[in-house]
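I have placed the structure first, in the form of C-alpha cells, so that the comments after it can refer back to it.
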Amino acid sequence: METITILGENRFDAHSRVRVACRGIVVRDGMILLTYEVNSDQWFIPGGGLEKGESLPQCCIRELAEETGLVVQTGHHFATIDEYYEDWLFTSHYFTCEVTGETERLLTEREAQMGLEPRWIPLTEAVEIFAHYQDHAHNEMKRGAYLREHHALQVYLKN
C-alpha cells in the first residue's frame with residue numbers, strides 16, 4: 001500500500017480536525033465508475049466518511065452502495081492519501097472493488113442538491129479529467145479533490 005501526503009497552500013501549522021473517508025475504484029471493461037455532481041460539474045471516485053464502529057472496508061462498501069446503488073466487495077487497499085488544508089487532515093483510503101449486486105441509492109441532502117449521479121466513463125477519460133487539477137486553481141476544493149483523485153489513479157494504474 002502506498003501513502004501520499006498533499007500539503008495545501010492554505011494549511012495551518014497544525015490540524016485540529018480530522019475526517020477519514022474510504023473510496024472505491026471499480027473498473028469493468030475499460031470503464032471506471034465515478035460519481036458526477038451535475039450542479040457543480042465535478043467528478044469524484046465514489047466514497048465518503050467513516051462512521052463510528054465501521055471498518056475501512058465496511059465504509060467503502062456502504063458509501064459505494066449509497067452513492068451508486070451498486071453493492072461491491074472490496075479487494076486490495078492500495079493507497080492512503082493524507083491531505084492538509086487549513087486546520088484539517090483529510091485521510092482517504094482507496095480500495096479496488098468488484099460489483100456483486102445492486103441496491104437502492106441513499107443520497108445525503110447535499111448529494112441530492114448537487115445532483116450526484118453514478119457514471120461509467122472510459123478509464124483513460126477519467127485519468128485525463130483528474131490530470132488537469134491545476135486548471136481549477138481558482139477553486140481550491142475542486143483542485144484539491146482532482147489532485148487527490150489523480151494521485152489515486154496513478155497508484156492504481158501502477159499496480
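The values are calculated or read from the model by the stated rules, or taken from the named source; none is laboratory data. Please read all numbers here as calculations on a predicted model, not as lab measurements. Here Cβ is always computed from backbone atoms with ideal geometry, including for glycine, and neighbour counts include all displayed protein chains. Ligands, DNA and RNA are stripped out before the accessible areas are found, and what is left, the full protein with its side chains, is counted by its heavy atoms. Shrake-Rupley method; radii C 1.70, N 1.55, O 1.52, S 1.80 Å.
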Filtered residues of segment 80-90 (kept if under 20 Å from Thr108 (Cβ atoms) and surrounded by fewer than 21 Cβ atoms within 10 Å (Cβ to Cβ)): Trp88
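Residues checked against (1) at pLDDT below 95; (2) of a type in the set (Phe, Trp, Tyr); (3) surrounded by fewer than 17 Cβ atoms within 10 Å (Cβ to Cβ); (4) closer than 19 Å to Leu33 by Cα:
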position: Thr100; (1), (2), (3), (4): no, no, yes, yes
position: Thr103; (1), (2), (3), (4): no, no, yes, yes
position: Arg110; (1), (2), (3), (4): no, no, yes, no
position: Arg119; (1), (2), (3), (4): no, no, yes, yes
position: Ala152; (1), (2), (3), (4): no, no, no, yes
position: Asn159; (1), (2), (3), (4): yes, no, yes, yes
Residues satisfying the stated conditions in segment 2-30, i.e. open to solvent by 80 Å² or more (accessible area, probe 1.4 Å) and on the phi > 0 side of the Ramachandran plot: Asp29
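Can you find even one residue in segment 71-84 that is touching a residue at least 24 places away in the same chain (Cβ under 8 Å), charged (D, E, K, R), closer than 20 Å to Ile4 by Cα and in contact with a Ser or Thr (Cβ under 7 Å, 6 or more places away or on another chain)?
Looking through segment 71-84, at least one residue is touching a residue at least 24 places away in the same chain (Cβ under 8 Å), charged (D, E, K, R), closer than 20 Å to Ile4 by Cα and in contact with a Ser or Thr (Cβ under 7 Å, 6 or more places away or on another chain).
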Trp43 being open to solvent by 60 Å² or more (accessible area, probe 1.4 Å), under 19 Å from Val26 (Cβ atoms), in contact with a Lys or Arg (Cβ under 9 Å, 6 or more places away or on another chain) and in a strand (DSSP E or B): no
Qualifying positions in segment 79-105 - more than 22 Å from Val27 (Cα to Cα) and not aromatic (Phe, Trp, Tyr): Asp82, Glu83, Glu86, Asp87, Leu89, Thr91
Subset of segment 121-150 (residues that are open to solvent by 60 Å² or more (accessible area, probe 1.4 Å) and farther than 24 Å from Asn39 by Cβ): Thr124
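Rundown of residues vs (1) open to solvent by 50 Å² or more (accessible area, probe 1.4 Å); (2) in contact with a Pro (Cβ under 8 Å, 6 or more places away or on another chain); (3) part of a loop (DSSP other than H, G, I, E, B), yes/no style:
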position: Ile32; (1), (2), (3): no, yes, no
position: Asn39; (1), (2), (3): yes, no, yes
position: Gly48; (1), (2), (3): no, no, no
position: Glu54; (1), (2), (3): no, no, yes
position: Gln58; (1), (2), (3): yes, no, no
position: Ile61; (1), (2), (3): yes, no, no
position: Ala65; (1), (2), (3): no, no, no
position: Val72; (1), (2), (3): no, no, no
position: Phe78; (1), (2), (3): no, no, no
Tabulated pairs, segment 50-67, first more than 16 Å from Thr96 (Cβ to Cβ), second modelled with pLDDT of 95 or more and in a helix (DSSP H, G or I), C-beta under 6 angstrom, 6+ apart or interchain: Leu50/Cys59
